[in-house]
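These notes are about the structure you will find just below.
The values are calculated or read from the model by the stated rules, or taken from the named source; none is laboratory data. Every value quoted in this text rests on a predicted model; they were computed, and no experiment measured them. No Cβ is skipped: glycine too gets one built from the backbone with ideal geometry, and neighbour counts run over all protein chains shown. The protein model used for the area step is the full one, side chains on, heavy atoms only, and it has no ligands, DNA or RNA in it. Shrake-Rupley method; radii C 1.70, N 1.55, O 1.52, S 1.80 Å.
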Amino acid sequence: MKKWILLLSTTLVFAKFAPNSDCKSCHPKIFKEYQSSMHANATIFKDPIHKAVWLKNPLHKKGAYRCARCHTPAANNMKELIAPNGIGPDPKNPTQNDAVACAYCHRIKKIKSGFITNKNIISPEPKKYFGARKDHIASPYHQIDTSNPNFLQGNVCMGCHSHKRNKFGLNVCSTNEKGELENTRCTSCHMPQVQGSVSILRKTATHAFHGFAGAHAHSKMLAKYVDIEFLPHLKGFEISLNSHIPHAMLLHPARVAFLKVIVKRGGKKVFTKVEKLVRILGANGKPTPPWLARAVVKDTMLKANEKRDFFYDFKLESGDRVIALLGYRLVKPPLAKKLNIKDPLATKSFILKKAVFIY
Ligand code: HEC
Ligand code: HEC
Ligand code: HEC
Ligand code: HEC
Ligand code: HEC
């Protein structure tokens, strides 16, 4: 009995994950897509934005890389990594470089709700992977379990993406403020079925997209979930954003979205207006870094399923082209400056959707 308990506790504490490279030979399409996702690039070695914020975070001074729980959850030295002892992330450690690893995600057995963040409960069986595809052949490398409700409901994401509170109890990354997203199929939009086989051992028409369409990569795949509408008036016109997203358009507090409206007459710009959509955290009405914030000081972000109308007091003439661009930057430019992020990707303007209307 004693031996059994010992064995069980060691497998729980030292749960090791098969490396991503093990999956490549049989799942080449999924492996390749995954390399382009932020899950494969969530480390401070590959994500300059994450690195810059980590360097400013007070936990960096303490030497406790607690970010590992979500950014490098397959690390084999997790305990030391999150403890305040200064060992810090190690670029030579392959288990840290596997970032949000294939085997880690596919071993999430349950999600435990928590006040600060939720927590993933990992299955102790290293070679049994959860999936949602009922129709499958056997794999010579691993077992397959398609009975896990989090995979079947498409929300196995909520252990890391639900919420994150700071020491003042403020939800700084509020995907799921009141648990309203528990029954949302995140996979339906972020992992749609795309062409190509699941594995090389059997031909299937499609597989779940593992590039995880998001703000960094493949955002065009998500454009259809926000409509841009145009309505002319006697004295001006209206552009509406109609969101079909079950969460705010952007979630991370570093982001800024914008709606740029241009009117062209005979090829010349005769009107330009830019609206900014942001969620700013702070204290006493002023912006602060997330770890010092006590409140949301401003929130103009497009909310879940919101339709928002913007009125323009500009009289259109017949033949005018009204161009509406809905886009965003990953990091607000003044913040990028403060964080000393040099990577141009951080402040590049991404266009999620463009619409042109002729009056
Ligand atoms: C509970 C899980 C969790 C923890 C712990 C966590 N993060 Fe994250 N982090 C996420 C998720 C999920 C995202 C993606 C959010 C999004 O894009 O909306 C993210 C995104 C980020 C981003 C944006 C990256 C980019 O490229 O735009 C930064 C910066 C960041 N985290 C910093 C940190 C730092 C620093 C720590 C540790 C002090 C940390 N995070 C701890 C889950 C976590
Ligand atoms: C030797 C080949 C092989 C290797 C290596 C391999 N797999 Fe598989 N895997 C398969 C086959 C075959 C299937 C079933 C495909 C089908 O039904 O068409 C499969 C299916 C799956 C499924 C789908 C379960 C479902 O039905 O929804 C998951 C998840 C999975 N593999 C994860 C992994 C991960 C993670 C790795 C790497 C750690 C990996 N596989 C490595 C062969 C392999
Ligand atoms: C183990 C924790 C974890 C799990 C589980 C997880 N994610 Fe993530 N996810 C992250 C982290 C951390 C990031 C941010 C990486 C970065 O930017 O450095 C991220 C980033 C993303 C992004 C990219 C956001 C952007 O800014 O481009 C998308 C989209 C995403 N996750 C969707 C999902 C979906 C859908 C699921 C469930 C099927 C899921 N995630 C499960 C940790 C996780
Ligand atoms: C109806 C489609 C849809 C569903 C369902 C959905 N999302 Fe999204 N998600 C989007 C769109 C659209 C964006 C905006 C992407 C952009 O602006 O580039 C987005 C953005 C994101 C981002 C990036 C935000 C940022 O600030 O970087 C993350 C992370 C994310 N979603 C996670 C989730 C999770 C977790 C779930 C499940 C609870 C989910 N999404 C459900 C459509 C959806
Ligand atoms: C962030 C979590 C996450 C990561 C990381 C991840 N997967 Fe998946 N994977 C899922 C989810 C969720 C599904 C089920 C998708 C659905 O319901 O359509 C899935 C489905 C699959 C399937 C079955 C394909 C299908 O059409 O359902 C295979 C095979 C697979 N994953 C292998 C991998 C491999 C190999 C990697 C790494 C290269 C990987 N996964 C990384 C969450 C993840």
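Across segment 68-82, the qualifying residues are those that are open to solvent by 30 Å² or more (accessible area, probe 1.4 Å) and not charged (D, E, K, R), and the one among them that is nearest to LYS337 (Cα to Cα) is HIS71.
The set of residues in segment 135-169 that are surrounded by fewer than 19 Cβ atoms within 10 Å (Cβ to Cβ) and either within 13 Å of ligand 1 (Cβ to nearest atom) or under 30 Å from THR288 (Cβ atoms) (or both) comprises LYS164, ARG165, ASN166, LYS167, PHE168, GLY169. Applying a threshold of 8 Å to beta carbon distances and a minimum spacing of six or more residues, or different chains, the list of pairs starting in segment 307-331 at a residue that is free of Cβ contacts under 8 Å to residues at least 60 places away in the same chain and ending at one that is open to solvent by less than 20 Å² (accessible area, probe 1.4 Å) reads ASP320/VAL263; ARG321/VAL263. Residues in segment 86-120 that are outside the structural domain of LEU170 (by TED's automatic domain parsing), open to solvent by 80 Å² or more (accessible area, probe 1.4 Å) and in a loop (DSSP other than H, G, I, E, B): ILE87, PRO91, LYS92.
Can you say whether GLY154 is part of a loop (DSSP other than H, G, I, E, B) and within 11 Å of ligand 3 (Cβ to nearest atom), as far as the supplied structure shows?
Numbers: part of a loop (DSSP other than H, G, I, E, B): yes; within 11 Å of ligand 3 (Cβ to nearest atom): yes.
Here the answer is yes, as GLY154 does meet what is asked.
Residues in segment 188-200 that are away from ligand 1 (no atom under 15 Å from the Cβ) and not aliphatic (A, V, I, L, M): SER188, PRO192, GLN193, GLN195, GLY196, SER197, SER199.
How many residues does segment 121-131 contain that are in a loop (DSSP other than H, G, I, E, B) and within 13 Å of ligand 2 (Cβ to nearest atom)?
Total satisfying the criteria: 5.
Among the residues making up segment 132-155, a single one is in contact (Cβ under 8 Å) with a residue 24 or more places away in the chain, within 11 Å of ligand 2 (Cβ to nearest atom) and closer than 24 Å to ARG69 by Cα: ASN148.
Going through segment 121-134 one residue at a time, which ones are more than 10 Å from ligand 5 (Cβ to nearest atom), open to solvent by less than 60 Å² (accessible area, probe 1.4 Å) and touching a Phe, Trp or Tyr at 6+ places or on another chain (Cβ under 9 Å)? Don't jump to the end; show me each part of the working.
Here is the first cut: in segment 121-134, the residues more than 10 Å from ligand 5 (Cβ to nearest atom) are 121-128.
Adding the requirement that they be open to solvent by less than 60 Å² (accessible area, probe 1.4 Å) leaves 122-124, 128.
Answer for segment 121-134, where residues must be more than 10 Å from ligand 5 (Cβ to nearest atom), open to solvent by less than 60 Å² (accessible area, probe 1.4 Å) and touching a Phe, Trp or Tyr at 6+ places or on another chain (Cβ under 9 Å): ILE122, SER123.
Somewhere in segment 289-303, is a residue more than 29 Å from TRP54 (Cα to Cα), surrounded by 13 or more Cβ atoms within 10 Å (Cβ to Cβ) and hydrophobic (A, V, I, L, M, F, W, C)? Looking through segment 289-303, none of the residues is more than 29 Å from TRP54 (Cα to Cα), surrounded by 13 or more Cβ atoms within 10 Å (Cβ to Cβ) and hydrophobic (A, V, I, L, M, F, W, C).
Going through (1) within 16 Å of ligand 3 (Cβ to nearest atom); (2) more than 26 Å from the chain's Cα centre (by Cα) one by one, SER139 falls short only on (1). The residues of segment 63-83 that are part of a helix (DSSP H, G or I) and touching a residue at least 24 places away in the same chain (Cβ under 8 Å), listed by number, are ALA68, ARG69, CYS70, HIS71, LYS79. Taken over segment 304-359, residues that are open to solvent by 60 Å² or more (accessible area, probe 1.4 Å) and in a strand (DSSP E or B) amount to 8.
For residues that are under 17 Å from the mean Cα position of the chain (by Cα) and farther than 18 Å from LYS353 by Cα, scanning just segment 252-288, find the one that is surrounded by the most Cβ atoms within 10 Å (Cβ to Cβ). So that I can check it myself, show each step before the final result.
Of segment 252-288, the ones under 17 Å from the mean Cα position of the chain (by Cα) are 252-257, 278-279.
Retained after the next criterion (residues that are farther than 18 Å from LYS353 by Cα): 252-254, 279.
Working: HIS252: 15, PRO253: 21, ALA254: 21, ARG279: 24.
Out of the qualifying residues, it is ARG279.
Residue by residue, here is whether (1) modelled with pLDDT under 95; (2) within 16 Å of ligand 2 (Cβ to nearest atom); (3) out of contact with any strand residue (DSSP E or B) (no Cβ under 8 Å at 6 or more places or on another chain) holds:
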position	(1), (2), (3)
ILE5	yes, no, yes
ASN20	no, yes, yes
ALA64	no, no, yes
ILE82	no, no, yes
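Of all the listed residues (ASN85, ASN57), the sole one being under 16 Å from TRP291 (Cβ atoms), polar (S, T, N, Q) and away from ligand 5 (no atom under 16 Å from the Cβ) is ASN57.
Which count do you get for residues in segment 202-225 that are surrounded by 14 or more Cβ atoms within 10 Å (Cβ to Cβ), in contact (Cβ under 8 Å) with a residue 24 or more places away in the chain and of a type outside the set (Gly, Ala, Ser)? Talk me through it step by step, then tell me what you get.
In the first step, residues of segment 202-225 are kept if they are surrounded by 14 or more Cβ atoms within 10 Å (Cβ to Cβ); the result is 204, 207-219, 221-223, 225.
Of the ones still in play, those that are also in contact (Cβ under 8 Å) with a residue 24 or more places away in the chain are 207-219, 221-223, 225.
Now restrict to residues that are of a type outside the set (Gly, Ala, Ser): 207, 209-210, 212, 216, 218, 221-222, 225.
Counting residues in segment 202-225 that are surrounded by 14 or more Cβ atoms within 10 Å (Cβ to Cβ), in contact (Cβ under 8 Å) with a residue 24 or more places away in the chain and of a type outside the set (Gly, Ala, Ser) gives 9.
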